[in-house]
Every structure is written in C-alpha cells, then in structure tokens.
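What follows is calculated from the coordinates using simple rules that are stated; it is not laboratory data. The shown structure was predicted, so the numbers you read here are calculated from the model rather than taken from an experiment. So basically every Cβ, Gly included, is an ideal-geometry build from the backbone, and we count neighbours across all protein chains shown.
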Amino acid sequence: MSGLIEPHGGMLCVRYTQGPEREALREESAAWPSWDLTPRQLCDVELLLNGGFSPLRGFMEQADYQTCLQSMRLTNGLLWPIPVVLDVSAQFASGLHAGARIALRDPEGLLIACLMIGELWTPDKEQEAALVFGTTDCSHPGVAQLLERSGAVYVGGELMGLEEPPHYDFTTLRHSPAALRALFQQRGWRRIVAFQTRNPMHRAHQELTFRAAKQVQANLLLHPVVGMTKSGDIDHFTRVRCYEHLLDTYPEQTTMLSLLPLAMRMAGPREALWHAIIRKNYGATHFIVGRDHAGPGKDKSGKPFYGPYDAQALVEQHQAELGVVMVPFQQLVYVPELDQYLPQDEVPPHHTTLDISGTELRRRLHEGTEIPAWFSFPRIVQELRRSYPPRTKQGFTVFMTGLSGAGKSTIANALQIKLMELGGRRVSLLDGDLVRKHLSSELGFSKEHRDLNILRIGYVASEITKHGGIALCAPIAPYRATRSAVREMIEPWGGFIEVHVATAIEVCEHRDRKGLYAKARQGLIRGFTGIDDPYEAPENPELRIDTALCTVAEAAQSILLCLESLGFISAA
Ligand code: PPS
C-alpha cells in the first residue's frame, strides 16, 4: 500500500471541534446517553482525538476490527495491528442504536467527546485474544483485561472532540503529535529516533539509546508511556522524575523527553508495530526495538509469551511499508573487565557479564541493599529509593482473621503495645467491635454487609499503610474473596500480613465471653459465623496461630518475628 506514508505520517486526524459547533454539541449532549470513560478508554480517546492514532477517526467498526484481527490492517489496507474499540456493558448498550450519539465523559463528568454510533456488536473475545495476543491464557495481562474486565458490547463510530482530557502533571512534557512535530521543525531535527519505555531507565538504557542515536545519526526522543502500563510497574510520577535526571546525561540539545498517554496492551510483536506507527504520527523517523518489546513476561508454566526477538522480526517485515526505520538492539549487558555496556552478541569470549533484573532491583529496593554504580545513576537510584523505601520504612497491615472469641482482639492489643514499644511508626487498631461502632454502625451480618464492613476496613488500612503507618485489623472477615480484595488494596502501598487466628470452634464456644454462641445455638442470633454462617479459613496466610496452644505474649511475639523475617521491622 503506497498510501501508507501519508495517513500515518502525513496529515494527522485531529478531531476537535470549536466555536459555535462545539457549543451546539454541548447543548445537544444533555439529551444523549452518557458514558463515563474508564482510564484505559480515556487514553484511547486522547490519542484518537489528537492524531496519535491516525488514520483512525474514531472507535473501530466491525469490518475494520475483523481485518485488524485477521491481517493487522484496516479495510482500506493500511497497517493497524491492535483493535481500538469502545467496550460498554450490555445494559448500557441495550439503550443504544446506530445513528445515535453518546456523550463520552471523564471520571469527573467533563464532556470530552461525542461518539456518532456507526455500529454495535457483541465480539468474540476469545478469538480476539487468540489473534491479538496469541493466547487466551488470563495470566497474560492484556488477555485478562479483555476476557475478565472489558464490557460485553463494542460500540464503533466516529469521534468529535470537545475538550482535551485534562492533565495536571508534567504539563510541559506533554505534547500532541502536531506540537511535537512543530518542536522538531523549530529545532531543525530531521531524523528522530524514538525510544519507548514503561520502566525507569538505567545505564544500559542510556547506553542503548545513545548508541542508537549515534548509529543512525539522529536526534533522540525519549517517549515513555504514562497512560496504562502493566500493573506492578513503577508509577509514572517516579519514572518521569528519573527520566528528567537522565536527560542531563546526554549531550546538550540532542535529546528530548515527551510523555505518551497510551494504554498499553502488552501485545508483544503486534504492539511493537503499533508503537512504531504511533511514533511515526508523533514525527519520529526511526524507532528502537529491543529485546522482548512490550512483552508481559512469562505464562503460568514459566514460558515467555513471546520470543525475545519476535517483535523485531515483525517490525522488520513491515518497516518499508510503514516508512519508519527500525533500530534493533540485543539486550545490553555490563562487562566489568571493560567497564562497558555491550550488546549480548558482541561480548568477547571469556568475559564476565553482569545484569540486574527488574525483580532483583525491586528486592534491593525492599531490603535497602546496594544498587551498584555500574547499574544506574546516583540521582535515579535516589529517586527510586525516595518512592520505594526499604520495608523497614514502609507501612504495613497486620490482618487478623478468625472466629468470634478466637483471641484476635486480645492479640491485637498486645501487639499494638509491643509495636509502640519498638517505635518508629504510628499504630492504629481497627478491631471488629471498634469498627462496627465507628465505621459500620448501620451494618448487620448478612454476607453483603460483612463484605462492606471488611472493604471499609481495607480502605482505611490501605490509607494508613500508604502513609507509612501500621494498621492492626481484627475482624472475623469470614470470606476468602473479600480478604483477597483487601490484600490487593494494600499490597501496592506496603505490607499485608494475614494472620489466621485458628482457634478451634469448640474452644471459642467454650470460652463464649459474650454469650453469643449460646444465643446462636438457641437460635436467638441467626447467621452466626461458625454456627450457621461459614468461615472460609485462609489457605496461605503469612502466619497461623492457635490461642489454645500459646499465651497472648507468645502469639504477639510470633507476629513480631514474622514481621522481622519479612523485613518490616528490624528488631523484635
Ligand atoms: S465480620 O463478619 O468480619 O463483619 O464481623 P465483625 O465485624 O468482626 O464482627 C464483630 C463482632 O460482632 C459480634 N457478632 C457476630 N459475629 C459473627 N456472626 C454474627 N452473626 C454476629 N453477631 C454479632 C461478634 O461478637 C464479633 O466480635 P468478635 O470480637 O469477633 O467476637
């Protein structure tokens, strides 16, 4: 297709309306169905509206979607390897029809765009996963998003933008494709090699990008993704501060940093091709593709989803048609004997090579151990340590779960005192009875109310953990799924230590401190945990304690030892 260079790199499909037309749309929109865009969809809309996704002019309709899946092309023959579709719930879709309009809003309700509905359909998502990701395995984050979290119905149609999605962070580093191209022109940059990343950049990345720019005699565009990346990645605020430090290591006026609000799919080879198209829209002439570009890592059996150089092979196949020159790279490794980074295939025989994986880097950050100078730059390490302090400085939650009368509150009280004796962090106790008095006084003991109660505890504990404190929770929390949800809320911010207070029901009933078991047996209380309501015991708690077999002091001590072994406290 000879027309490619034009649509991807020439005229951008910028889709904003202004003046009276915009005002008219705004007024009319009051009568349209309104859809609150998810963060992922908001990223797509931003790139559809600003030309980053040229030649797309809106969300794909079925014909384009099918050719994109089958042959990585649109119906007009242009390369486009990743579906860009608007997924909505079946319930929302039931009120829509072709020809109608939808008001697309951001989470604050701001009207971002109007979608002229061309078509609605229920996709075969298994087929989409198999064709786009090469797998239907939900341990692939893109597949999990598609099969487990996306809406059942796709709505295709052209978009008209009313308002740019607002950003308040790093505003001077955000550029539309047109703005970036204008900057290149202003600076007299004609050859631009773009570098895609979703990770902090260290010496190896600096060396790789520097070599790439030198090799093709181009200026360098650091173009990190700040939309959605893989969960568990270093947050973009920290990364951007790191990139800003890194900029100082390049020769002056050779390199630029600009942020890309893309929602990544982690689709490996197809995604690499997509990234090249997007960078062409942003004015790049060259694009770096390294090892395992946009790969999500390994599947459940430990096998990588994509071969390390599959992405390079696919981009290579299409680069002439695309009009973007790929700059391929092997993984760079450090050779201590030469004090130099070299591509893996250029390391001379009998030389040692060193590398630090992402997992190893996270371990060193957790433990506060050395991150060598050959690996990164001091200011970048400092920035990472500031955002990801060692575990001894992070907050954590000890979540004690067990039957009524198991001894949760007694242990929690003793543990609170011991932690206060150790000092260093504030301790908050979220005991079952206390929470029911202060946070959940209107709730009863139905499954729905218990879940709500536990999720409230989880929310408060996650805030305490986020701010570096200690939350001690001691609810019954009888349901496994709800406890997992709480773990997910807390772990991004610090430690989550689940302690199963596994005192047997016979012992709890024998103690019957509040006389509730007797009442439950007589049928005076209904839905009592362990009697006529289930308790789902944790399968893999960090610790299990039976208070029939130890004293309160021993129980508290075993939790302290567990915290010490996990690195959250340094002396028990
Ligand atoms: S839950 O399920 O986690 O929301 O329960 P929780 O908030 O921890 O419950 C706190 C106390 O409520 C008393 N109580 C009951 N427990 C279980 N089932 C029923 N139906 C019930 N009704 C009242 C009970 O004494 C719990 O206190 P603890 O401290 O666990 O003994």
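Compare the Cα positions of Leu332, Cys562, Thr238 along the charge dipole of the chain (+1 at Cβ of Lys, Arg; -1 at Cβ of Asp, Glu; about the Cα centre) and return the one farthest towards the positive end.
Cys562
Segment 499-572: percent of C-alpha pairs farther apart than 15 Å?
The proportion of pairs with Cα distances above 15 Å equals 64 percent.
Go ahead and estimate [θ] at 222 nm for the chain from helices alone: -39,500 (n - 2.57) per DSSP H run with n ≥ 4, summed, over the residue count, rounded to 500.
Estimated from H runs of four or more residues: -11000 deg cm²/dmol.
Ratio of alpha-carbon Rg to the 2.2 N^0.38 Å globular estimate for segment 196-351, to two decimals, please.
Normalised Rg, Cα atoms only: 1.04.
Given the Cα atoms of segment 95-151, and with Rh set as the inverse mean 1/r over their pairs in the Kirkwood sense, what is Rg to Rh to two decimals?
Using Cα coordinates only, the ratio equals 1.10.
Just to check I understand the Karplus step: with θ = phi - 60° and J = 6.51 cos²θ - 1.76 cosθ + 1.60, what whole-Hz values come out for segment 133-143, glycine and proline as x?
Rounded to whole hertz, the list is 9, x, 6, 10, 6, 6, 7, 7, x, x, 5.
Order by neighbour count: Val14, Val45, fewest other Cβ atoms within 10 Å first, most last.
Val14, Val45
Calculate the all-directions average of the projected area of the chain's alpha-carbon convex hull, and give it in nm².
Result: 31.0 nm².
Which three semi-axes in whole Å describe the equivalent ellipsoid of segment 391-566, each the square root of 5 times a Cα gyration tensor eigenvalue, listed largest first?
The three semi-axes for segment 391-566 are 26, 19, 14 Å.
Beyond 24 Å between alpha-carbons counts as too far, so tell me which of Lys418/Lys447; Lys300/Lys466; Lys418/Lys519; Lys125/Lys300; Lys437/Lys519; Lys303/Lys466 fall in that bin.
Too far apart for the 24 Å limit: Lys418/Lys447; Lys300/Lys466; Lys418/Lys519; Lys303/Lys466.
What is the diffusion coefficient of segment 285-433 in µm²/s, taking the Kirkwood radius over Cα pairs and the Stokes-Einstein relation at 4 °C with a viscosity of 1.567 mPa s?
Translational D for this selection: 63 µm²/s.
Could you list Tyr306, Tyr479 in order of exposure, starting from the residue whose Cβ has the fewest other Cβ atoms within 10 Å?
Tyr479, Tyr306
Percent relative contact order of the chain, based on C-alpha pairs within less than 8 angstrom and at least six residues apart?
Normalised by residue count, the contact order of the chain is 11 percent.
Quick one: putting +1 on the C-beta of Lys and Arg, -1 on the C-beta of Asp and Glu, what dipole do you get for the chain around its Cα centre, in Debye to the nearest 20?
Value, rounded to 20: 940 debye.
Under 5 Å between amide hydrogens, which residues at least 5 positions from Phe496 or on another chain qualify, with H placed 1.01 Å from N in the peptide plane?
Sorted by chain and number, the residues that satisfy this are Thr397.
Rounded to the nearest 20 Debye, what is the dipole magnitude of segment 8-161 about its Cα centre when Lys and Arg each give +1 and Asp and Glu each give -1 at the C-beta?
About 220 debye.
With θ set to phi - 60°, apply the Karplus curve 6.51 cos²θ - 1.76 cosθ + 1.60 along segment 15-30 and write out the HN-Hα couplings as whole Hz, x wherever there is a Gly or Pro.
The phi angles translate into 10, 10, 10, 9, x, x, 4, 5, 4, 5, 4, 4, 5, 4, 4, 4 Hz.
Grab the eigenvalues of the alpha-carbon gyration tensor for segment 158-232, scale each by 5, take roots, and send me the semi-axes largest first in whole angstrom.
25, 20, 10
For segment 201-235 and segment 126-144, write down the distance between their C-alpha centroids in whole Å.
Segment 201-235 and segment 126-144 have Cα centres spaced 27 Å from each other.
Calculate how large, on average over all directions, the projected area of the Cα convex hull of segment 16-90 is; give the answer in nm² to one decimal.
Its Cα hull, projected and averaged over all orientations, spans 6.2 nm².
At a threshold of 8 angstrom on Cα-Cα distance, excluding pairs fewer than six apart, so keeping six or more, what relative contact order does segment 8-161 reach in percent?
Relative contact order here is 29 percent.
Within 10 Å of each residue's Cβ, count the other Cβ atoms and sort Phe170, Phe195 from fewest upward.
Phe170, Phe195
Count charges around Ser29 for me, please; just the other residues with Cβ under 15 Å from its Cβ, Lys/Arg as +1, Asp/Glu as -1.
For residues surrounding Ser29, the net value is -3.
I need the semi-axes of the equivalent ellipsoid of segment 8-161: take the C-alpha gyration tensor, multiply each eigenvalue by 5, square-root it, list largest first in whole angstrom.
26, 19, 14
On a C-alpha basis, how far is the centre of segment 531-572 from the centre of segment 14-61 in Å? Whole number, if you could?
About 52 Å separates the Cα centre of segment 531-572 from the one of segment 14-61.
Given charges of +1 on the Cβ of Lys and Arg and -1 on the Cβ of Asp and Glu, with all other atoms neutral, how large is the dipole of segment 74-142 about its Cα centre, in debye to the nearest 20?
240 debye
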